[in-house]
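S.K.: The following block contains the structure, expressed as C-alpha cells.
Values in this text are rule-based calculations from the coordinates and carry no lab data. Please read all numbers here as calculations on a predicted model, not as lab measurements. We place every Cβ from the backbone using ideal geometry, glycine too, and count neighbours over all the protein chains shown.
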Amino acid sequence: MANKKPDNSKNHLNRRPNKIKEFKINFDIKTIFIIFFVGLFVFTLFSSAMKEYKKMVPDKPISALLEEIKQGKVKKVEVVDNKLNITYQDNSQATSTKETSDSFYQLTKDANIKTNAVLVEINDTQGSAGIINLLANLLPTILMVAFFIFIFRQAKGAQDSVFSFGQSRARRFNKDISKITFNDVAGVDEAKKELEEIVDFLKFPEKYRKLGARTPKGVILIGPAGSGKTLLAKAVAGEANVPFFSIAGSEFMEMLVGIGAARVRDLFATAKKSAPAIIFIDEIDAIGRARATGVMPSHDEREQTLNQILVEMDGFTANEQVVVVAATNRGDLLDTALLRPGRFDRRVIVDYPDVEGRKAIAFIHARGKPFSEDVDWDKVANRTVGFSGADLENMLNEAAIGAARAARDKITMEDIEESATKVKLGPEKKRLQSDFDKKITAYHETGHAVVSHFLPHTDMVHRISIVSRGMALGFTLIPPAKDKLHETKTHLLEQMAVMMGGRAAEQIIFNEVTTGAANDFDQATRIAKAMVVEYGMSNLGPINFGPTIDITEWGKSYWEQNNVSQVMLSKIDIEVQKILKKAYDTAADIIKNNKEIMDRVAAELIKKENIDQENFEKIVGKKTNGDTRI
C-alpha cells in the first residue's frame, strides 16, 4: 500500500493570511515614499529631456513658417494641438506654435498658400494631452496629500496613546492560558493552602456565605527572591475558573500626574465587571511603600496611586468577589494602611523550602529529564540547604546542559554536584597561576577545612577546591547538615574560627599574609558585631545597641539610632575585637597542632585541584564529634 503524502494544505491556508497581512502593512508604509521619489525622478528626467530637445530643435515663428511653405522649403507639417512639427525638404526639423483657437488650414488660406503645397498631418491628441497635463499638474499635489495623510495617521496614533494613558495595562488570563497548577508548586505548602482557599471562595461562594463568611479581599505574598511567589500566582491563574488580571507595580507609574490612580480605577472597574475575578499585582512595593510623614521627601504620584488602591480595596464602594493577590520582596517597606485587615486580610510568608520541600521541588523540575541510577535525591536535598525554588530549577537545568555537553544520555550525580556549585559560586575559571600562588591558595583553603574538621560543633567539609570561581581563587564548601532555625553562641564562635583558618594558615606556614582573607574578615566582623549589638552575646549584656527603625525613601536608607554614648560605642568596639581575636587564636592553635595533616591535604589539593568529602576524610579521618546542639 502506497504511503500517502501528508496534506499540508491547511497549514498553507493558515499561513497565507499572515503573509498577506504582513505585505499589506509593508505596502502601506513604503508605497508613499516609493511613489514620491519615483515620481520626482521621472518628472525631473522628463523636464530635462524636454529642455534638451528644445535646445536641439529650433523654434520658429508662425509667420516664418508660412513664408517657408510659400518658398517650397517645407516638406511636411505635423499639427499636434497648438504645436507644429516641421520637416524640411532636406529632412531637417523645426517647431512652431500657433494659437489654440486658430486652424492651420485657415492660416494657410489667409496666407494664399495652396493646400497641396505641403503635406499636413493632424494628430487629434487634445484629450490625451489634456489628461497628461492634468496628471502632471496634479501629481505633486497628490504626493504631498498622501505624505500629509501618513503624517496625520502617525500623529493620530500618538494622540490615541496619550489618551489611553489612564487605561490599565493589566493582562487578562483565562484558565486555558496558564498550564501551571498547584500540582506544579512544592515546598510552600502553607502558601498553597491559603491560595487554594481563595480559589475555592470564588468557585463556591455560597458554601461560605451560608455560614456568614465573606471572601478575603486580599492576600499578600512576602518572601525572598526566587521563593515561588510569582509561580503561586501563575498556579492561581491556572486553577481558577474566573478572570485573572496580572500587572506589575511599576506599570502604574508614568511621567504624567494622576496616571497611576487612573489606571488603578480602570483596573478595578474592569475586574468588577468580570466579577468574580482575581487581580495579581507583582512587586507591589513599587507603589505601596510607606507614605511620608513630613520629615522625609515624598513622591506625590506614588502616594496618589497608593491612596487609590486603598480606596478601591476597602472604601465606600462595595468590592465583593474581586480578590487582590500581591507579591513583594520587601514587606517591611509597605504602608501599614495597606496591610490592615479589610484590605490584605492574609499575609503569607513564602520562605526558602526545607529539606522535604527541596526534595519535592527537585522532583517537579526533574520531570522529562533522564537521570542515572546513582542520583540520590535525599543527598541532593541535604546538599542544597539554603537553595530557593529558582536555584533548584536552575541547578537541574545546568546539570542537563552539562550532561549534554559531555555527550551523555543521562544526568549523573556528578553533573548535579557540579551544577549546584556553579549556581552558588559561579563557573570554573581556568586561570594561569604560578606554583607559589597555587601553594598559598591550597594552604589557605586547607586551613578552613582543617579548622572546621577539628571543631566539635561545625558541619562536615563537603568539598575543597583551588579552581577559581567568580571572584575567589578557591573555596571550601561546608554546607549545613540540616536546616537550622536557631543559632547558638558556640556555633557562631566556631564559624568565625573557621573563617580565620585561611589567614592563620598563611601566617603559620609561610610567615606571610595575603589579601585573600579580606572576604573572610568581612563575614567574621559582621557576625561578631551582630553578636554584640543585636544578639546580646557579649560581656555587655542582653542589650540591643543597633538601629530600631529602617525607613527607605528615594533609594536611601535612614536609621533611627538608639541613644548610645561614646563610651559605650568604645566598649562595643573592644568586645568585637575580643571575639575576633579569640576566633583567630582558636584557628591558629588547631593549625599548629595539625601541621602534618595540613601538608598532606595541601599536597593532595595541589595535585588534584579538587578534593571531595570522601578523599578529605581519608587523610584527616572521620569527624567523630558532630553537632551536639539541642
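S.K.: Arrange the following residues from fewest to most other Cβ atoms within 10 Å of their Cβ: MET568, MET537. Mind dumping the intermediate values first?
M.R.: Numbers: MET568 14, MET537 22.
Final ranking by Cβ density, sparse to dense: MET568, MET537.
S.K.: Something else about it: Could you tell me which of the pairs LYS484/LYS581; LYS359/LYS482; LYS234/LYS273; LYS359/LYS379 are separated by over 19 angstrom between their Cα atoms in the structure shown? Display every interim value, and only then the final one.
M.R.: On the way: LYS484/LYS581 26 Å; LYS359/LYS482 13 Å; LYS234/LYS273 22 Å; LYS359/LYS379 9 Å.
Beyond 19 Å: LYS484/LYS581; LYS234/LYS273.
S.K.: Now a separate question. Compute the signed sum of charges (Lys and Arg +1, Asp and Glu -1) over the other residues within less than 9 Å, Cβ to Cβ, of VAL324. Provide the component values of the computation, followed by the final result.
M.R.: On the way: positive: LYS217, ARG343; negative: GLU312.
Result for the local shell: +1.
S.K.: I want the antiparallel fraction of DSSP beta bridges within segment 272-427, as a percent rounded to 5. Could you put the intermediate results ahead of the total?
M.R.: Numbers: 1 of 8 bridges.
In segment 272-427, approximately 10 percent of DSSP beta bridges are antiparallel ones.
S.K.: Now a separate question. If you average the sequence gap of Cα pairs under 8 Å that are 6 or more apart and divide by the length of segment 355-422, what percent do you get for the contact order? Don't skip to the answer; put the middle values down first.
M.R.: Values: 68 pairs, mean separation 26.7, N = 68.
Relative contact order comes out at 39 percent.
S.K.: Let me ask something else about it. Work out from phi, with θ = phi - 60° and the Karplus expression 6.51 cos²θ - 1.76 cosθ + 1.60, the ³J(HN,Hα) of each residue of segment 466-478, listed in order in whole Hz, and give x for Gly and Pro.
M.R.: Once rounded to whole Hz, the list reads 10, 7, 5, 9, x, 9, 8, 7, x, 7, 10, 9, 10.
S.K.: Here's a follow-up. Determine, for GLU393, GLU506, the number of other Cβ atoms within 10 Å of each Cβ, and report the residues in order from fewest to most.
M.R.: Ranked by crowding around the Cβ, least crowded first: GLU393, GLU506.
S.K.: Ok, one more. I'd like to compare 369-382, 273-286: which one has the highest average count of other Cβ atoms within 10 Å, and what's the full order after that? Spell out each step's value before the answer.
M.R.: Numbers: 369-382: 14.4, 273-286: 20.3.
The packing order, highest mean first, is 273-286, 369-382.
S.K.: Okay, next question. What length, rounded to one decimal in nm, is gained on full extension from SER250 through to ASN112, with 0.36 nm per residue of separation minus their alpha-carbon distance? List each step's numbers first, then the result.
M.R.: Numbers: separation 138, 0.36 × 138 = 49.68 nm, distance 9.45 nm.
That pair, SER250 and ASN112, stretches by 40.2 nm at full extension.
S.K.: Turning to a different aspect of this structure: Starting with the highest mean, order 509-518, 218-227 by the number of other Cβ atoms within 10 Å, averaged over the residues of each peptide.
M.R.: On the way: 509-518: 12.8, 218-227: 21.3.
Order by mean packing, descending: 218-227, 509-518.
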